[in-house]
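Presented below is the structure to which this report refers.
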Amino acid sequence: MEQWPTAQDAQMPELVKNKTAKSDGYCNRILRAQGTRREGYNEFRLRVEGDPEYYQPGSTYRVTLYASSPSYFRGFTLIALKEGKDGDKDEDYAGNFQIIDEEDTQFMTNCPPAVTESTPRRRTRIQVFWTAPPTGSGCVILK
């Protein structure tokens, strides 16, 4: 997983570079889950446009889910959770997604903070916007 601290952490470059422990409530970094559910496969990748090292709380970013050729996907679920949370409660989610193309993506009816496919068909990429949570929200996992 990649870690992505906030701009506030720029003064402390050693702070969270490769740390995976639970948030202390300060760092606001992002962990991007990669690959499939099977260990060792890297056919799928989440990318935040520009691959920034830091994010600004409240700023909006384009997030893309890619399938490496010759792989593809028919369905997906994309969520942004606070580190250490399971998504059982509304307050477990971090930031907000915005739909870019309604032909490709929609919000899940049974889990409104999550994005899923609008129709099950072969895809190699989807894009959504994600607005980062406010300062003090803790670390975030995009998966």
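The values are calculated or read from the model by the stated rules, or taken from the named source; none is laboratory data. Because the structure is a prediction, the values reported are computed rather than measured. Cβ coordinates were reconstructed from backbone atoms using ideal geometry, including for glycine residues, and neighbour counts include every protein chain displayed. These accessible areas exclude ligands, DNA and RNA; they are computed on the full protein's heavy atoms, side chains included. Shrake-Rupley method; radii C 1.70, N 1.55, O 1.52, S 1.80 Å.
Could you tell me whether the range 8-20 includes any residue that is in contact with a Leu (Cβ under 6 Å, 6 or more places away or on another chain) and at pLDDT below 90? Checked against the condition, which is being in contact with a Leu (Cβ under 6 Å, 6 or more places away or on another chain) and at pLDDT below 90, the range 8-20 yields at least one hit. Of the residues Thr135, Thr116, the single one that is in contact with a Ser or Thr (Cβ under 8 Å, 6 or more places away or on another chain) and within 18 Å of Val48 (Cα to Cα) is Thr116. The residues in the range 55-110 that are on the phi > 0 side of the Ramachandran plot and either touching a Leu at 6+ places or on another chain (Cβ under 6 Å) or not in a loop (DSSP other than H, G, I, E, B) (or both) can be counted, and the count is 1.
Could you list all residues from the range 105-125 that are open to solvent by less than 90 Å² (accessible area, probe 1.4 Å) and closer than 30 Å to Gly138 by Cα?
Those that are open to solvent by less than 90 Å² (accessible area, probe 1.4 Å) and closer than 30 Å to Gly138 by Cα: Thr105, Gln106, Phe107, Met108, Cys111, Pro112, Pro113, Ala114, Val115, Thr116, Glu117.
Scanning the range 73-99 for residues that are surrounded by fewer than 14 Cβ atoms within 10 Å (Cβ to Cβ), under 25 Å from Asn42 (Cα atoms) and in contact (Cβ under 8 Å) with a residue 12 or more places away in the chain yields Arg74, Gly75, Thr77, Gly84.
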